[in-house]
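The values are calculated or read from the model by the stated rules, or taken from the named source; none is laboratory data. Note that the structure is a prediction, hence the values are computed from the model and not measured. Don't worry about glycine lacking a Cβ; one is built from the backbone with ideal geometry, like all the others, and counts go over all protein chains shown. The area values use the complete protein model at the heavy-atom level, side chains included, leaving out ligands, DNA and RNA. Shrake-Rupley method; radii C 1.70, N 1.55, O 1.52, S 1.80 Å.
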Amino acid sequence: MANFFRDNPDLLFQFRHGLKWKELVELTENGFTLPDGPKDLEEALGFYEEMMEATGELVAEVVAPRAQKIDALGTRLEGGEVVFPKELDEIYEAMKELGLFGISVPRELGGIGAPLALYLVASEIIARGDVSVMTHYGFHGGVASSLLLYSIHEGSAEFENGRLVRTRFDDVIRQIAAGDAFGCMVLTEPGAGSDLAAIRTKAVERDGKWYVTGEKIFITSGHGQHQLVLAKTEEGKGLDGLSLFLVPRKIERDGKTIDNVKITKLEEKLGHNASATCSLLYEDSEAELIGKRGEGFRLMLVLMNSARLAVGLEGIGVAEAAYRMARDYATERKTMGKPIAEHELIAEKLLDMETWIRALRALAFDAMNAVEIATRLDMKLRVDPPKDEEEKAQLEKRQRRAARRARRLTPLLKYMASEKAVEICRDAMQIFGGMGYIDETGAHKLLRDALVLPIYEGTSQIQALKIGRASCRERV
């Protein structure tokens, strides 16, 4: 059977040797002291590889064969609800049965309890099958993991002997991990995309409850039940006037299920046609404040940076699909007495595509190490800090070092992988020639899907600014 993990030697190599598994797993499993966890590193890695092998088979056998169909059918809005094609529902059901949505969610909350790195590796594999599927998938692990971190940040998570007992958001995290509900990140408004300080959506507190009012646009998975919404609570304070809210799309009132958030529009797009991109209307929508007033932007950065890392892996996945499609076609298509893969200019282009994909993947795994180690060390210092002051100081130093590296590598990966994905998909279409312009090959679909990568989750220009600022801080 086809397998998108097992058939990729470079991905296998990076999976086995590119991640700092010893450090990652020991932090995740609290030094292998958890009763329901793996007993040692070897057992953990064996399970992780089995999980990715099963993912690779599912994507090759279930996702990829349906990619063209779900792109053609797209999604539609009926009676205020997003309707997916049955082929997409079949994909999500298969992913749900495999437990993919809860890979990085703690076992105490119904997940598998693996490092976030495993979730990101799965994201690359899924993106190779279809980016619309990956886009929806990405907001499961991202939202669930962020809610756990938010609960730790605000002190509402409880631990005993290094083991998670409960969080403020248990029910929500469990639903997302099980694949029973979607989550989404809600920032963009008309006139407030990159400039989040221009957000006009407001949240007010009345009688001890919070209510959100405003309009949001371009929201990926905006049909999701569990919405992390950025809204203004303080006037005249710019980014410091924003707060973060958990807003359920549907609520129970007077024994009836009603819309707490209305889907007003489903965008028609150039690509990602099986991904629901929604306009949302909040009219005194019931909400829960996360953290403190004015912390919204800083808290949302947790999810934004995770999303940017995921977009980097998404870019690598779609580039891998484009390279393989072009390579296979060039091997079969003959002109002037030989396959076009043997013509020098085409051979050079294919080699360049493969080299860039390998380089980007190496960068991605380096970034994954930095981000997760920084996050895990921060969690440990918050919930189970060493009693010895010298040991604690050493952990703090390691955390700061990893965080600095994460700040550099995350925007670099997002920038490079997004831009190169577009270039590689464009080159693949060129190798196909006229056939690349025809629907049946699927070559132009990959290019259409790639074109948004340098735009969403922070444009390439914003990433360039972040890279420059991180470099300046290092020099200072």
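Assorted remarks:
- Test: residue in the range 393-414 that is in a helix (DSSP H, G or I), of a type in the set (V, I, T) and surrounded by fewer than 19 Cβ atoms within 10 Å (Cβ to Cβ): no
- Taking the range 381-422 as the range and being under 23 Å from A319 (Cα atoms) and among the polar types (S, T, N, Q) as the test, the residues that pass are T410, S418.
- Single match in A276, A326, A319 (criterion: open to solvent by less than 10 Å² (accessible area, probe 1.4 Å) and touching a His at 6+ places or on another chain (Cβ under 6 Å)): A276
- Screening I112, I91, I126 for residues that are farther than 22 Å from N305 by Cα, in a helix (DSSP H, G or I) and either within 14 Å of the chain's Cα centre (by Cα) or touching a residue at least 12 places away in the same chain (Cβ under 8 Å) (or both) leaves exactly one candidate, I91.
- The test for being within 25 Å of the chain's Cα centre (by Cα), modelled with pLDDT of 95 or more and open to solvent by less than 20 Å² (accessible area, probe 1.4 Å) holds for L244.
- Evaluated against (1) open to solvent by 40 Å² or more (accessible area, probe 1.4 Å); (2) in contact with a strand residue (DSSP E or B) (Cβ under 9 Å, 6 or more places away or on another chain); (3) not small (G, A, S), L270 falls short on exactly one condition, (2).
- One residue stands out in the range 70-88 among those that are in a helix (DSSP H, G or I) and among the charged types (D, E, K, R): the one that is most open to solvent (accessible area, probe 1.4 Å), namely K86.
Residue by residue, here is whether (1) on the phi < 0 side of the Ramachandran plot; (2) in a helix (DSSP H, G or I); (3) open to solvent by 60 Å² or more (accessible area, probe 1.4 Å) holds:
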residue: Y137; (1), (2), (3): yes, yes, no
residue: I152; (1), (2), (3): yes, yes, no
residue: V172; (1), (2), (3): yes, yes, no
residue: I176; (1), (2), (3): yes, yes, no
residue: D180; (1), (2), (3): yes, no, yes
residue: C184; (1), (2), (3): yes, no, no
residue: S194; (1), (2), (3): yes, no, yes
residue: A203; (1), (2), (3): yes, no, no
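- Taking each residue of the range 225-237 that is in a loop (DSSP other than H, G, I, E, B) and looking for partners that are surrounded by 13 or more Cβ atoms within 10 Å (Cβ to Cβ) and hydroxyl-bearing (S, T, Y) with beta-carbon atoms closer than 9 Å, six or more apart or interchain, yields T233/S243; E234/S243.
- Residue within the range 37-49 that is surrounded by 13 or more Cβ atoms within 10 Å (Cβ to Cβ), touching a residue at least 24 places away in the same chain (Cβ under 8 Å) and not in a helix (DSSP H, G or I) present: yes
- Conditions (1) under 30 Å from E160 (Cα atoms); (2) touching a Phe, Trp or Tyr at 6+ places or on another chain (Cβ under 6 Å); (3) open to solvent by 60 Å² or more (accessible area, probe 1.4 Å): number failed by D284: (1)
- Residue pairs meeting the criteria (Cβ under 6 Å; at least 6 apart or on separate chains; first buried (at least 24 other Cβ atoms within 10 Å of the Cβ), in the range 53-69; second aromatic (F, W, Y) and modelled with pLDDT of 95 or more): G56/F4; G56/F5; V59/F4
- All told, L289 meets the bar of being open to solvent by 20 Å² or more (accessible area, probe 1.4 Å) and either closer than 30 Å to A450 by Cβ or modelled with pLDDT of 95 or more (or both).
- Residues (touching a residue at least 24 places away in the same chain (Cβ under 8 Å) and over 12 Å from Y282 (Cβ atoms)) located in the range 248-263: K250, I251
- Filtering E419, E354, E348 for residues that are within 28 Å of T331 (Cβ to Cβ), touching a Ser or Thr at 6+ places or on another chain (Cβ under 9 Å) and free of Cβ contacts under 8 Å to residues at least 60 places away in the same chain leaves a single hit, E419.
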